[in-house]
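Notes for the one structure printed next.
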Amino acid sequence: MRQTDRHFKFDWLTILLYFILVMFGWVNIISASHSGEALEFSNFSHFYSKQLVFIGLSVLLIILILSIEAKFYERFSSVIYIIALLSLAGLFVFGKNINGATSWYPIGSFTFQPGEFAKVATALAVAKYISDLNTDINRFNDQLKTFAIIVIPALLVLLQPDAGSAIVYGAFFFVLYREGLPHIYLIVGVLLILLSIFALKFGVVSTLLITSIVVLTYYFTRKKRPSIIQPITVILLCTSLAFSVRFFYDNILPAHQKDRITIWLSLEKDPDKLERMKKTVAYNLNESEKAISSGGFKGKGFLEGTRTTGNFVPEQHTDYIFSTVGEEWGFIGSFLTVVVFLLLIIRILVLAERQKTQFSRMYGYAVGAILFLHFMINIGMVMGLIPTIGIPLPFFSYGGSGLWGFTILVFIFIKLDSNRINEW
């Protein structure tokens, strides 16, 4: 088929959902950065004015992404990935430290966060490697190479240190599971998380006892029993993990992250001390929960949130932006926001299943998984369901790097989807 005969049809529903979230996010940034003064959109000392510029530049970015040939993103995925790794590594030399993390490059009065774009590069690289004809996800050697593609940028992000952004790379394992990764990895991953939480909550000795009982019971109730060495090995590995998790928590984990986990799991045995920690360490969370609950069913209205305009919630225009939605738009606004997010994610997954190539399908699933993990963690964090780890809400949280990163992530897939009717 000749190039002139090819048809390009963009999925306008996905584009519409994207702009709904971006614009409603901007409305909430206005509220979160407004303190009662008259709105001045031409004054770029305000976060809402800067975010409007970021949105305008995002439109130009969208036009550029959609104008590039779809095959470009697959053909140059490896180059894009290498550039992303170099940009992450360069932070340790040229990066700017903000709030204890060296995650930004200073550019005049602005900052640039390469970690937001590394997720896009990793999604492209993983999709490219798995879709290669010589790659078989069921081969152990190929599994290791795929894990390396995911883990290398995650480690560079973790060393900044930015544990929240590093956790997002776990989304890729759900994509691999969709493509045929053996179930054992998902099962082992869930068990390791549960075992780590159990070790922190109840201690190493209790973890050893419970693990021994479960493993040995399973072993002796089987009709065909393998060598006794196998269950003993499993018990020893679980015990080693419990010791490692406890050692990491007690001696390596930064104090502020340790305190957040302590509050989340109620690890402090002194009730009075735990309450004091909740009032100090969890101040952001407490104020966020108060703001959300004060909104009631219908909310207080745009610019009418007293806790928002009073700046009771620190960092409300970034990680805690959802608390603004809860206070000013109430349960109705919060519910509709969640619905639009889920519609966008579901729509992306539906489109991913329609792709004719494995590369496009895998990339689409990566987009859906990354958005869902960000969405789930951020809202769970704001509502106190999970520890505060500092992760933005896609399209809502203030920041050019975050908005552009998510924009690139989504619109590359829209471009790939528009090309699915063409011959590859």
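The values are calculated or read from the model by the stated rules, or taken from the named source; none is laboratory data. Owing to the predicted nature of the structure, the values given are computational and were not obtained by experimental measurement. All Cβ positions, even for glycine, are placed from backbone atoms using ideal geometry, and neighbour counts span all protein chains on display. Remember, those area values only see protein heavy atoms, side chains included, never the ligands or the DNA or RNA. Shrake-Rupley method; radii C 1.70, N 1.55, O 1.52, S 1.80 Å.
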Next on the checklist: At 0.36 nm per residue, and after removing the present C-alpha to C-alpha distance, how many nm does the segment from Asn134 to Gln230 gain when stretched out fully?
Outcome noted: 31.2 nm
Checklist entry - To the nearest 20 debye, what charge dipole does region 293-424 have about its Cα centre, counting +1 at the Cβ of each Lys and Arg and -1 at the Cβ of each Asp and Glu? => result 380
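Scan region 184-255 for trypsin sites (Lys or Arg not before Pro) in coil per DSSP, keeping those whose Cβ has at most 10 other Cβ atoms within 10 Å, and list them by number.
Answer by residue number: Arg222, Lys223, Lys224.
Any idea what the relative contact order of region 52-141 is, in percent, if you count C-alpha pairs under 8 Å spaced at least 6 apart? Could the numbers behind the result be given before it?
On the way: 59 pairs, mean separation 22.2, N = 90.
With pairs under 8 Å counted, the relative contact order is 25 percent.
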Item to check | Net charge dipole size for region 151-305 [Lys, Arg +1 and Asp, Glu -1 on Cβ; Debye, nearest 20] | outcome: 600
Next on the checklist: Regarding the chain, what's the average projected area of the Cα-atom convex hull, expressed in nm²?
Outcome noted: 24.5
Item to check | region 237-343 - charge dipole about Cα centre, Lys and Arg +1 at Cβ, Asp and Glu -1, debye rounded to 20 | outcome: 160
Checklist entry - Averaged per residue, what accessible area in Å² does the chain show with a 1.4 Å probe, protein chains only? => result 50
Checklist entry - What relative contact order, as a whole-number percentage, does region 89-144 give when Cα pairs under 8 Å and 6 or more residues apart are counted? => result 15
Checklist entry - Quick one: with all protein chains in place, what share of the accessible area of the chain is carbon or sulfur, to the nearest percent (1.4 Å probe)? => result 69
Next on the checklist: How large is the translational diffusion coefficient of region 56-98 in µm² per second when you combine the Kirkwood radius over alpha carbon pairs with Stokes-Einstein at 4 °C and 1.567 mPa s?
Outcome noted: 103
Checklist outcome for this item: The rounded separation in angstrom of the Cα centers of region 362-424 and region 211-282 is 31
Next on the checklist: If I ignore ligands, DNA and RNA and count only protein heavy atoms, how much of Met383 is accessible to a 1.4 Å probe, in Å² to the nearest 10?
Outcome noted: 90
Item to check | Solvent-accessible surface (1.4 angstrom probe) belonging to Arg75, in square angstrom, nearest 10 | outcome: 140
Checklist outcome for this item: Once His256, His46, His374 are ranked on solvent-accessible area with the largest value leading and a 1.4 Å probe, the list reads His256, His46, His374
Item to check | Relative contact order, percent, the chain [alpha-carbon distance under 8 Å, six or more residues apart] | outcome: 26
Checklist outcome for this item: Over the chain, the sum of -39500 (n - 2.57) across DSSP H runs of at least four, divided by residue number and rounded to 500 deg cm²/dmol, gives at 222 nm -22000 deg cm²/dmol
Next on the checklist: On a 1.4 Å probe surface of the protein chains, which of Arg178, Arg225 comes out largest in accessible area, and what is the full order?
Outcome noted: Arg225, Arg178
Checklist entry - How do Phe54, Phe335 rank by accessible surface area computed with a 1.4 Å probe, from largest to smallest? => result Phe335, Phe54
Next on the checklist: Could you compute how much accessible surface Glu275 exposes when probed at 1.4 Å, giving the result in Å² to the nearest 10?
Outcome noted: 90
